[in-house]
1. Please verify whether segment B:146-155 includes one or more residues that are basic (Lys, Arg) and either modelled with pLDDT under 95 or under 30 Å from B:VAL38 (Cα atoms) (or both).
2. Just the residues that are outside any strand (DSSP E or B) and aliphatic (A, V, I, L, M), please, taken from segment A:80-103.
3. Looking at A:LEU100, A:LEU111, can you tell me which residue is over 26 Å from A:ASP24 (Cβ atoms), within 14 Å of chain B (Cβ to nearest Cβ), touching a Phe, Trp or Tyr at 6+ places or on another chain (Cβ under 9 Å) and hydrophobic (A, V, I, L, M, F, W, C)?
4. Suppose we filter segment A:289-317 for residues that are among the basic types (Lys, Arg) and crowded, with 21+ Cβ neighbours inside 10 Å; how many remain?
5. Using beta carbons and a limit of 6 Å, which pairs, at least six apart or on different chains, have the first residue in segment B:64-89 and outside the structural domain of B:THR142 (by TED's automatic domain parsing) and the second one among the acidic types (Asp, Glu)?
6. Considering only residues of segment A:272-287 that are modelled with pLDDT of 95 or more and part of a loop (DSSP other than H, G, I, E, B), which is nearest to the chain's Cα centre (by Cα)?
7. Kindly indicate whether B:VAL114 is out of contact with any Cys (no Cβ under 9 Å at 6 or more places or on another chain) and in contact (Cβ under 8 Å) with a residue 12 or more places away in the chain.
8. Search segment B:22-50 for residues that are more than 30 Å from A:ALA69 (Cβ to Cβ) and pair each with any residue that is outside any helix (DSSP H, G or I) when their beta-carbon atoms are under 6 Å apart and the residues are at least 6 apart or on different chains.
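The values are calculated or read from the model by the stated rules, or taken from the named source; none is laboratory data. Keep in mind that what you see is a predicted model, and the values were worked out from it rather than measured. Neighbour counts run over all protein chains shown; Cβ positions are idealised from the backbone, glycine included.
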There are 2 protein chains.
Amino acid sequence: MPKVVLVGERELRDLVPLDRAALDAVRGAFLALASGRVIMPPILSMAMPEVHGEVDVKTAFVPGLDGFAVKISPGFFDNPARGLPSVNGLMVVLSATTGLVEAVFLDNGWLTDVRTAAAGAVAADALARPDARIATVFGAGTQARLQMQALALVRDLDEIRVWARDSVKAAACAADIEAATGVRTRAVGEPRAAVSGADIVVTTTPSSAPILFAGWLAPGQHVTAMGSDADTKCELDPAILARADRLVVDSLAQSRRLGELRAGVAAGAIAADAAVDELGSVLAGTAPGRPGPDAVTVCDLTGTGAQDTAIAALARARADAAGAGLATDL
Amino acid sequence: MPKVVLVGERELRDLVPLDRAALDAVRGAFLALASGRVIMPPILSMAMPEVHGEVDVKTAFVPGLDGFAVKISPGFFDNPARGLPSVNGLMVVLSATTGLVEAVFLDNGWLTDVRTAAAGAVAADALARPDARIATVFGAGTQARLQMQALALVRDLDEIRVWARDSVKAAACAADIEAATGVRTRAVGEPRAAVSGADIVVTTTPSSAPILFAGWLAPGQHVTAMGSDADTKCELDPAILARADRLVVDSLAQSRRLGELRAGVAAGAIAADAAVDELGSVLAGTAPGRPGPDAVTVCDLTGTGAQDTAIAALARARADAAGAGLATDL
C-alpha cells in the first residue's frame with residue numbers, strides 16, 4: 001500500500017494560513033459546484049444528546065482534483081468546561097482515482113475554520129460594494145475573528161465593529177481583529193448601532209433566533225450569515241430574505257434544510273420554491289451579482305463538502321511541497 | 001491535545017483476528033441496538049460514476065463504550081486491474097465524552113471484514129440448528145472465506161461447500177477455507193446441489209439479482225444473506241422472504257432501504273410494514289429465534305455502524321494493552 005501522510009494542527013496552521021490562496025481554493029469549489037459536476041451528498045449528522053455532543057461528516061467529489069476529503073467534525077458542548085474546544089475533528093483525503101487513503105489531517109477544525117472564513121470573503125467580494133469600508137461582525141468567536149481577517153483580504157477596510165451578547169468577549173475579539181488586520185476595530189454595545197452605517201455585516205453566531213433585523217438595514221449594505229448550519233438555527237429576521245434585492249446561498253439544498261432559507265420558508269417570508277441563486281453561479285457569471293450601489297445583498301453560507309475537498313487539496317499540495325507531516329506505511 | 005494513536009493494517013490483523021472476542025463484540029453491538037439506546041444515523045453514501053468509485057461512511061453511538069467510530073469505506077472498482085483491492089478505507093475513533101480524535105485505524109477494511117464475518121456467525125449461532133454440520137457459501141471472495149471461518153467458531157462443521165460463478169475461484173476459495181478451518185471443503189459446480197442437504201447457507205456476493213431460490217430450500221435450513229448493502233443489490237429470491245418461518249434482519253431501517261427487504265417489498269413478496277424482527281431482539285430474547293428443528297430461518301445483514309463502533313472499541317482496547325501503533329501529538 002502507498003504511504004499515508006499524517007499532518008497535525010500545528011503544521012497545518014503554518015501550511016494553510018487564511019490567505020489569498022485559501023480564498024482562491026474556496027472560490028474554485030463554488031465554481032465547481034456551479035458547474036453541476038460536483039457530487040455532494042447530504043451531510044451525515046449524528047446528535048448524541050446524552051453526552052451533549054454531535055458529529056457531522058461532509059464530503060464532496062470535485063472533478064479535476066486528485067483527491068476528495070471526508071471531514072469528521074465533532075462538537076461536544078461540555079468541552080469548554082473541561083478546558084477543551086467544543087469543535088475539533090479531522091479530514092481524511094482519499095485518492096479520487098483509487099479511493100486509497102492518502103492523507104489524514106489531524107487539524108482539530110483548523111481547515112474548516114479557514115475554508116469557512118474564506119467563503120465569507122468570497123461571498124463579500126462577489127456581492128458587497130467595491131468601495132465598502134466599514135464592516136460589522138456579530139459574534140466574538142473564532143469565526144468572528146477569521147471572517148474579518150478574510151474580509152480584509154478583499155476590501156480596503158477603514159473600520160471594523162464587533163457586537164456580541166457578552167461585551168467582554170466582544171472587546172477581546174475587537175482587540176484580536178485589530179491586531180490581526182491592522183484595521184481600527186471596536187466593540188459596539190448595541191447591535192443596531194453596530195449595523196448603522198456599515199457596508200458589510202457578517203453574522204457568525206450559533207443563534208436559534210434572529211439577531212439581525214430587516215428594519216436595521218440600509219441601501220448599499222451586504223449581509224453574510226454564516227452561523228446557521230442546522231435546522232434549529234437562524235440568525236436573520238426572515239423579513240431580510242424578502243427585503244434583499246439579491247439573495248444568494250452557498251448550496252440551495254443545504255440552505256433549504258439547514259440554513260436561513262429553512263427559517264425563512266418556515267416563517268412564510270419566502271416561497272419554498274423561490275428562485276434563489278447559488279454563490280457559484282454568481283462567481284461564474286451565470287447569475288447576477290449586486291444590482292447596483294444601493295441594493296441590499298444577502299448571502300447565506302451553510303458550509304459545503306466541496307469547500308472541504310478544496311481546502312484539503314490545498315493542504316495536501318502544500319504538505320507535499322514542504323515534505324511536512326509523517327509519511328507512514330503502518 | 002491528547003495524543004492520537006495510529007495503527008496500520010498489519011498490526012490490526014494481529015491485534016483483532018476473527019476470534020470469539022470479535023464475535024462477542026459484535027453480539028454486544030446487536031444487543032445494544034435492541035436496547036433502543038444506540039444512535040445510528042443513515043449511511044452517508046457517495047457514488048462517483050466517472051471514476052467507477054463510491055464511498056460509504058457509517059457511524060453509531062453505543063452507550064457504555066468509551067468511543068464511537070466513524071468508518072470511511074471507499075470502493076473503487078477499477079482497482080483490481082491496477083493490482084489494488086477494490087475496498088479499503090479506515091476507521092476513526094472519537095471519544096464519546098469529548099469528541100476528540102483518539103485513534104485512527106488504517107485498516108484497509110480489515111476491521112470491517114472481521115465485524116461482517118462475525119455478524120454472520122452471531123446470526124447463525126442464534127438461528128441455525130445447534131446440530132448443523134454442513135455449511136454452504138455462495139461467493140469466493142474475502143467474505144466467503146471469513147464467513148466460513150467465523151461459522152466454524154460457533155458450529156461443529158463436518159463439511160463446507162463453495163459455489164461461485166467462477167469455478168476456478170471457487171476451488172481456490174475452498175482450499176483456503178479448508179486450510180483455515182480444518183473442515184473438509186469442496187467447490188460445487190451447481191448452486192442447487194450445493195444447497196441440497198446443507199444446514200446453513202451463507203450468501204456473500206454483490207449480486208443484483210437473486211442467486212438463491214425458494215424452491216431449493218428444505219426444512220431445517222438457515223440462510224444468511226450478507227451481500228446486499230445497496231438499493232441495487234439482492235441475493236435472495238423474494239419468495240424466500242415469504243417462505244421463511246423466521247425472518248430476521250440486522251437493522252430494519254437499513255434492510256428496508258439497502259437489503260433483502262427492499263427487494264422483497266419491491267417484488268410484492270412481503271409487505272412494506274411486515275413485522276420483521278431485528279437480530280438484537282432475538283439475541284436479547286425479546287423476539288423468538290428458531291421455532292423448531294424443521295423451520296427455515298433467514299437473516300439479512302446489511303452491516304451496521306454499531307458493529308463498526310464495537311469492533312473499533314475492541315481494536316482500541318487491544319492496541320492500548322499492546323502499546324501498538326504510533327502515538328502522536330502531531
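1. Yes: segment B:146-155 contains one or more residues that are basic (Lys, Arg) and either modelled with pLDDT under 95 or under 30 Å from B:VAL38 (Cα atoms) (or both).
2. Residues satisfying the conditions are A:ALA81, A:LEU84, A:ALA96, A:LEU100.
3. So the residue among A:LEU100, A:LEU111 that is over 26 Å from A:ASP24 (Cβ atoms), within 14 Å of chain B (Cβ to nearest Cβ), touching a Phe, Trp or Tyr at 6+ places or on another chain (Cβ under 9 Å) and hydrophobic (A, V, I, L, M, F, W, C) is A:LEU100.
4. 1
5. B:GLY67/B:GLU102; B:ALA69/B:ASP308; B:LYS71/B:ASP308; B:SER73/B:ASP56; B:GLY75/B:GLU54
6. Among those that are modelled with pLDDT of 95 or more and part of a loop (DSSP other than H, G, I, E, B), it is A:VAL276.
7. yes
8. Sorted first by the residue in segment B:22-50, then by its partner, the pairs are B:ALA32/B:VAL38; B:ALA32/B:VAL62; B:ARG37/B:PRO63.
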